[in-house]
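Read the structure below first, then the notes.
The values are calculated or read from the model by the stated rules, or taken from the named source; none is laboratory data. Source: prediction; values computed, not measured. Virtual Cβ from ideal backbone geometry, glycine too; neighbours counted across all protein chains shown. Protein only, heavy atoms only, side chains kept; ligands, DNA and RNA dropped before computing areas. Shrake-Rupley method; radii C 1.70, N 1.55, O 1.52, S 1.80 Å.
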Amino acid sequence: MGNLTIAGVESLHADAGWRTYDFLKITTESGLVGWSEYNESFGGLGVSALIDGLAPAIIGKDARAYEAHVALLYALRRQASGGAVQQAIGAIENALLDVKARALDVPVYELFGGPVRDRIRVYWSHCGSYRVNHAAAMGTPPVRTLDDVVALGKEVVARGYTALKTNVLLLDDDPRGPRGHVPGFARGDGFPELNADRAVVDAARQQLAAFREGAGSGMDILVDLNFNYKTEGYVTMARAMEPFDLFWVEIDSRDPKALHYIRSRTTIPVASCECLFGRKDFRPFFEAQSMDVAIIDTPWNGLAETLKIASMADAYEVNVAPHNFYSHLATMMSANVAAVVPNLRIMEVDEDRVSWQDDFVTRKPVIEDGYLRLPDGPGWGTEIDEAAVRAHPAKARPTR
């Protein structure tokens, strides 16, 4: 097994087209390496600097004692807990888990009781959303019209998926061209009011009708509304989408009572909580019965904390779903979560991506007939190919 004292902590950053992929490498004295993925592109600016600031607290210590290290790191930043601090701690926790599992020559999921399933149902996330703005970078057909949405629905079926998730797209005659409706992130019309205007409601209905036409009645369709509305707007949007037999409507809200109110006013199952950190953040949402499905971000929270949140959800009769809009490494990380939680609903994957992403890992996830095959190698079941990552250095990060 060798000396598993932590010798080095290093971040690597790779160009992924319109975004950056961020990876953490923890090296032990014996040369054994653990990997994890985190993210600075969407709201997490400064995570790399926080990791650098926390690293001295674990250098020289046994990499296998991840719980002790996480408890220490949390205490050191207790007055600024959550947010980017938790993302940094989660990245460190996940890399340490990879080290421990590799030292034992077992998958990470074997550290937590072993798998309860050998394949994981997944949905095609951001279906159409990325193709509105990034089709050229990905080498895919663009989405410009409702006919394009119909064609994409047929493509999803042909690729073997049984579920897709999309965001509200504005495919109108506006001179700005096709675009996503994302005022919650200060992009486009509707910011800062965050109202569900009639034009947006109509666009959502037309988009869902096109997806249903293309994908057929057997396709489960999910819609992500993000932070783009207030309580009234979420209710309006959900009610407008009810005729389309949705799998869930995804809503980001910081208010558990408001989310419970929305859930009580629609027949569509509500999924939420992907932006929360730790059991303390999730608890009031469980207590208020705010959602049908709790979405948990494993890169942010750390796998061990994710499983604790999932266990808490199970006590409230709530299923969970991994939040996973990252690279292949994070997909394998989330697969190790999905392998062991009994209360799993479904798992997210991004099918549309830049072609060179496949080069960043030594083993890619295998998806067949809409199911992800359980990784069977040690650790996460894959590793980062450093040469490939360094061959695609990250570009300057956008401000938003």
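Beta bridges per DSSP, both residues in the chain: antiparallel share near 55 percent. Could you work out which residue, out of GLY302, GLY379, GLY160, moves most in a Gaussian network model of the chain, that is, has the largest mean-square fluctuation with Cα springs under 10 Å? Maximum among the listed residues: GLY160.
Computed from the Kirkwood radius of its Cα pairs, the Stokes-Einstein diffusion coefficient for region 223-351 at 20 °C and 1.002 mPa s stands at 146 µm²/s. Along the charge dipole of the chain, pointing to its positive end and built from +1/-1 on Cβ of Lys, Arg, Asp and Glu, which listed residue (ALA55, TYR130, PRO378) has its Cα farthest out? After comparing all options, I get ALA55. The helix-based estimate of mean residue ellipticity at 222 nm for the chain, built from -39,500 (n - 2.57) per DSSP H run of four or more residues and divided by its residue count, is -11000 deg cm²/dmol to the nearest 500. Working note: Karplus 6.51/-1.76/1.60 with θ = phi - 60° gives region 255-267 the couplings 10, x, 5, 4, 5, 4, 4, 4, 4, 6, 10, 9, 8 Hz, where Gly and Pro are set to x. Does the chain come out rounded, prolate or oblate, given a ≥ b ≥ c as the square roots of the eigenvalues of its C-alpha gyration tensor, rounded meaning a/c under 1.5 and, failing that, prolate meaning a/b above b/c? Prolate, because a/c is 1.5 or more and a/b exceeds b/c.
Between ASP174, ASP220, ASP148, the GNM of the chain built on Cα springs shorter than 10 angstrom shows ASP174 fluctuating the most. Here the Karplus relation 6.51 cos²θ - 1.76 cosθ + 1.60, evaluated at θ = phi - 60°, turns the backbone of region 90-106 into coupling constants of x, 4, 5, 4, 5, 5, 5, 5, 5, 4, 4, 5, 5, 4, 8, 6, 9 Hz, with x for every Gly and Pro. Remark: for residue pairs LYS25/LYS100; LYS230/LYS308; LYS165/LYS308; LYS280/LYS308, the C-alpha separation exceeds 20 Å in LYS230/LYS308; LYS165/LYS308.
For ILE296, the residues whose modelled amide H falls within less than 5 Å of its own, excluding neighbours fewer than 5 places apart on the same chain, are ALA321, HIS323. Annotation: LYS280 carries an accessible surface of approximately 150 Å², with a 1.4 Å probe and no ligand, DNA or RNA atoms counted. Within the shell of other residues whose beta carbon sits under 12 angstrom from the beta carbon of VAL235, the net charge comes to +2, with Lys and Arg scored +1 and Asp and Glu -1. Dipole of the chain computed with +1 at Lys/Arg Cβ and -1 at Asp/Glu Cβ about the Cα centre; of ALA158, ILE92, SER81, farthest Cα towards the positive end is SER81. Simple point charges give the picture: +1 on the Cβ of Lys and Arg, -1 on the Cβ of Asp and Glu, and for region 1-98 a dipole about the Cα centre of about 240 debye. Please build a GNM for the chain, connecting alpha carbons under 10 Å apart, and tell me which residue among ARG263, ARG353, ARG254 fluctuates the most. Result for the chain, Cα springs under 10 Å: ARG254 fluctuates most. How much of the calculated P(r) for region 1-73 lies past 19 Å, in percent of all Cα pairs? So the pairs more than 19 Å apart make up 38 percent of the total in region 1-73. Counting only protein heavy atoms and using a 1.4 Å probe, the accessible area of THR162 comes to about 50 Å². Per-residue Karplus couplings for region 230-247, computed as 6.51 cos²θ - 1.76 cosθ + 1.60 with θ equal to phi - 60°, are listed in order as 9, 3, 4, x, 4, 4, 4, 5, 4, 5, 5, 8, 4, x, 9, 6, 7, 5 Hz, Gly and Pro entered as x. For the chain, a crude dipole built from +1 on the beta carbon of Lys and Arg and -1 on the beta carbon of Asp and Glu, taken about the Cα centre, is about 540 debye to the nearest 20.
Close amide H contacts of LEU344 (hydrogens built in the peptide plane, cut-off under 5 Å, sequence separation of 5 or more or a different chain): VAL320. Taking the C-alpha atoms only, the angle from helix 146-158 to the longest principal axis of the chain is near 50 degrees.
How large a share of the accessible area of the chain, in percent, is made up of carbon and sulfur atoms when the probe is 1.4 Å and the other protein chains stay in place? Display every interim value, and only then the final one.
Working: 7820 of 15910 Å².
In the chain, the share of accessible area belonging to carbon and sulfur is 49 percent.
Kindly express, to the nearest 10 degrees and within the range 0 to 90, the angle between helix 278-287's C-alpha long axis and the longest C-alpha principal axis of the chain. Helix 278-287 sits at roughly 40 degrees to that axis. For the chain, the per residue solvent-accessible surface stands at 40 Å², with DNA, RNA and ligands left out and a 1.4 Å probe.
Report Rg(Cα)/(2.2 N^0.38 Å) for region 1-135, keeping two decimals.
Working: Rg = 16.7 Å, N = 135, 2.2 N^0.38 = 14.2 Å.
After normalising by residue count via 2.2 N^0.38 Å, the value is 1.17.
Heavy-atom accessible area with a 1.4 Å probe sorts HIS134, HIS181, largest first, into HIS134, HIS181. Within the shell of other residues whose beta carbon sits under 13 angstrom from the beta carbon of ALA65, the net charge comes to 0, with Lys and Arg scored +1 and Asp and Glu -1.
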